[in-house]
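**Student:** This is the structure, below, for whatever I ask next.
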Amino acid sequence: TETFVGHQVLRIVPTNDEDLQKVQELQDLEELQLDFWLAPRGVGHPVDVRVPFPSLQPLKAHLESNGISYSIMIEDVQALVDDEQMEMLRERRWLPLS
Amino acid sequence: TNTFNYATYHSLDEIYAFMDLLVAENSHLVSKIEIGRSTENRPIYVLKFSKGGTNRPAIWIDTGIHSREWVTQASGVWFAKKIVQDHENDEGLASVLDKMDIFLEIVTNPDGFAFTQTKNRMWRKTRSKHSNSICVGVDPNRNWDAGFGGSGASGNPCSETYHGPYANSEPEVKAIVDFVKSHGNIKAFISIHSYSQLLLYPYGYTTTPVPDQKELHEISKKAVAALSSLYGTKYKYGSIITTIYKASGGTIDWTYEQGIKYSFTFELRDTGRYGFLLPAKEIVPTAQETWLALMVIMQYTVEHPY
């Protein structure tokens, strides 16, 4: 099973066309293995992107050096996946009839 | 199905067992149709809700074409139960079912859904393999024959928006295409995704407005008002290309071009910034509010025949 330990989801809100252009360019940087949950769609619209742990530092540095602000939407994706898994196991009381 | 827990996420086997039970309990109203098989040979099921008659006009609803959007499949389960619960007591739903059938495909991408439960929770695509690439899967919402392969889709098999080698290459898409064509009398088609709180109508692949743009916009406005009335969830609405971004090969562009005027796609709620990991306690509220919007679209479809 693929784990998401240390992955974060960042929310980036481009505030001008230049920001938007730079965020759009991130989609082409395959080596960062970014997973866009909400793709760039315009100035003022949030972009949510899941960032694998090894890409976090370079991406954050890139955003900061370009003056693009972001917030951390999900601190640790795996923690949420674990919670979800736990909840499913806990609630698995319903058993289908044969 | 009265003891089924609608407020938690379920595996593919559990959902398929739920469907069988729903049919067994309500055989006068519900039947299950296998419309095809997935790449990995899983059956693709549609629930048919019908009060009888042959080839009546119909409304199509599908959930979960992007497998990681778990709240959509979970909402689909809730919708199924809601239909059997309300089909006699709710005047609006009764009037819909008096004139039309409803088809509900709860797990539109079963391979992807099973993969999210076993290997990769974040899997979005189908599980088809491609020669000359180590990457797997096609975005089934870029694989339809409407502006196929245009911008707003990727030709790279490793991309999340890979459009596939040719239109309808994915059996999950082809199954719906064949079904819609052979049925020939589907009047509304609603494809449900998550998560950015949108109600969208065609087009996604071109900026040219659809001929029915004004009417679809008005329906969307009413549907969103109904949805928001329950919990205050804020939705935006409009055409795909003007509201989100250019997307070619999309589901409802194809259905609209097939003559299904009332073609819509939802992006369900995420009021808590959890993305595709929406907590299970939000499933029922999400389904409840979405149902209100679905009812607006379904009733409008019945009251405005074409």
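**Student:** Among rounded, prolate and oblate, which fits the range B:206-306 when a ≥ b ≥ c are the square roots of the eigenvalues of its C-alpha gyration tensor, a/c under 1.5 means rounded, and a/b larger than b/c means prolate?
**Tutor:** Oblate is the answer for the range B:206-306, as a/c is 1.5 or above yet b/c matches or exceeds a/b.
**Student:** First select every other residue whose beta carbon is under 12 angstrom from the beta carbon of B:Glu215; then total the charges, Lys and Arg +1, Asp and Glu -1.
**Tutor:** Surrounding charge for B:Glu215 is +2.
**Student:** Something else: As a footprinting exposure proxy, order B:Lys246, A:Lys60 by other Cβ within 10 Å, with the fewest listed first.
**Tutor:** A:Lys60, B:Lys246
**Student:** A further question on this structure: Can you classify chain B as rounded, prolate or oblate using the Cα gyration tensor, where a ≥ b ≥ c are the square roots of its eigenvalues, rounded means a/c under 1.5, and otherwise it's prolate if a/b beats b/c and oblate if not?
**Tutor:** rounded
**Student:** With springs only between Cα atoms under 10 Å apart, run a GNM on chain B and tell me which of B:Gln85, B:Gln213, B:Gln197 wobbles the most.
**Tutor:** B:Gln85
**Student:** Starting from 0.36 nm per residue, how many nanometres of slack lie between A:Val5 and A:Gln21 once their C-alpha separation is accounted for?
**Tutor:** On the way: separation 16, 0.36 × 16 = 5.76 nm, distance 2.96 nm.
My answer for the length gained is 2.8 nm.
**Student:** Which residue, B:Ile33, B:Ile44, B:Ile240, has the most motion in a Gaussian network model of chain B that connects Cα atoms within less than 10 Å?
**Tutor:** Among B:Ile33, B:Ile44, B:Ile240, the largest GNM mean-square fluctuation belongs to B:Ile33.
**Student:** Related question: Set the bar at 22 Å for Cα to Cα. Now go through B:Lys48/B:Lys214; B:Lys48/B:Lys221; B:Lys214/B:Lys236; B:Lys48/B:Lys174; B:Lys32/B:Lys181 and name every pair that lies beyond it.
**Tutor:** Among B:Lys48/B:Lys214; B:Lys48/B:Lys221; B:Lys214/B:Lys236; B:Lys48/B:Lys174; B:Lys32/B:Lys181, the Cα-Cα distance tops 22 Å for B:Lys48/B:Lys214; B:Lys48/B:Lys221.
**Student:** Taking square-rooted eigenvalues a ≥ b ≥ c of the alpha carbon gyration tensor, is the range B:1-50 rounded, prolate or oblate, where a/c under 1.5 means rounded and, failing that, a/b exceeding b/c means prolate?
**Tutor:** oblate
**Student:** Choose one of B:Tyr45, A:Trp37, B:Tyr166: the residue whose Cα lies farthest towards the positive end of the charge dipole of the protein assembly as shown (beta-carbon charges +1 Lys, Arg; -1 Asp, Glu; about the Cα centre).
**Tutor:** With unit charges placed on the Cβ atoms, the residue in question is B:Tyr45.
**Student:** I want to make sure I understand the PRE zone here: with the label point 7 angstrom from the Cα of B:Thr207 toward its beta carbon, which residues in the range B:234-259 have backbone N atoms less than 15 Å away?
**Tutor:** B:239-247
**Student:** Looking at chain B, send over the antiparallel percent of its DSSP beta bridges, to the nearest 5.
**Tutor:** Given both bridge residues lie in chain B, the antiparallel proportion sits at roughly 35 percent.
**Student:** What ranking do B:Ile192, B:Ile83 get, fewest neighbouring Cβ atoms within 10 angstrom at the top?
**Tutor:** Lowest to highest Cβ neighbour count: B:Ile83, B:Ile192.
None of the figures in this text is laboratory data; all of them are computed from the coordinates on show. Remember, it's a predicted structure, so these values are computed and weren't measured experimentally. Please note: Cβ atoms are built from the backbone with ideal geometry, for glycine as well, and neighbour counts cover all protein chains shown.
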